[in-house]
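Student: Sharing a structure, written as structure tokens. Questions coming.
What follows draws every value from the coordinates through simple rules; no lab data is involved. This one's a predicted model, so the numbers in the text were calculated from it and none came from an experiment. Please note: Cβ atoms are built from the backbone with ideal geometry, for glycine as well, and neighbour counts cover all protein chains shown.
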């Protein structure tokens, strides 16, 4: 698994391998805080956080920590949102891709989620996952 060591919404550096050693971690990549799809995805995960046991939920986007803090406060998310401003982690996971909107091509995050097991290995990957399916897929994976 690629290294994930980024600043969260409060400016603290979070190293997932060290901070959550021995626990499952859902890492979800989303394009932009406080946009409709990203809000639906984050709030859906917030709403099931009590049903995932010891599993940690972490969101990653290219937003600045200050924007992530506003997003967290506005929706009371309650989990780490990490700022991948140079998109190095997204590139390492293969989710920094060419996108197209209104005929204009640009680089951005492909909404994806990864369930990392207790040993730090990727147990499940959901590329191009929809916002509403993210919490459902996480619960299904944990029920196995």
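Student: With label points built 7 Å along Cα→Cβ from the Cα atoms of residue 119 and residue 100, find their separation and express it in nm.
Tutor: 4.2
Student: Also: For the range 49-73 and the range 87-130, write down the distance between their C-alpha centroids in whole Å.
Tutor: Their Cα centres are 16 Å away from one another.
Student: Follow-up question, since we're still on this one. First measure r as the distance between the Cβ atoms of residue 48 and residue 76, then evaluate 1/(1 + (r/R0)^6) with R0 = 22 Å and state the FRET efficiency to the nearest 0.05.
Tutor: With a Förster radius of 22 Å, E is 0.95.
Student: Nearest 5 is fine: what % of DSSP beta bridges in the range 5-143 come out antiparallel, could you say?
Tutor: Antiparallel bridges make up about 70 percent of those DSSP assigns within the range 5-143.
Student: Using only the alpha-carbon atoms, how far is helix 36-48 inclined from the longest principal axis of the chain? Give it as 0 to 90 degrees, nearest 10.
Tutor: 10
Student: Could you tell me what a quarter of the Cα convex hull surface of the chain works out to, in nm² with one decimal place?
Tutor: Averaged projected hull area, Cα only: 8.0 nm².
Student: Now for a separate question. Can you give the calculated 222 nm mean residue ellipticity of the chain, where each DSSP H run of n ≥ 4 adds -39,500 (n - 2.57) and the sum is split over every residue, rounded to the nearest 500 deg cm²/dmol?
Tutor: Computed mean residue ellipticity for the chain: -8500 deg cm²/dmol.
Student: Something else now. Can you give me the relative contact order of the range 5-143 as a percent, contacts being Cα pairs under 8 Å and 6 or more apart?
Tutor: Reported relative contact order: 31 percent.
Student: Measure off 7 Å from each Cα along the Cα-to-Cβ vector at residue 130 and residue 15, then give the distance between these two points in nanometres to one decimal.
Tutor: It works out to 4.0 nm between the two label points.
Student: Separation between the residue 23 and residue 35 pseudo-spin-labels, each 7 Å from Cα along Cα→Cβ, expressed in nm?
Tutor: With each label point 7 Å from Cα toward Cβ, the separation is 2.9 nm.
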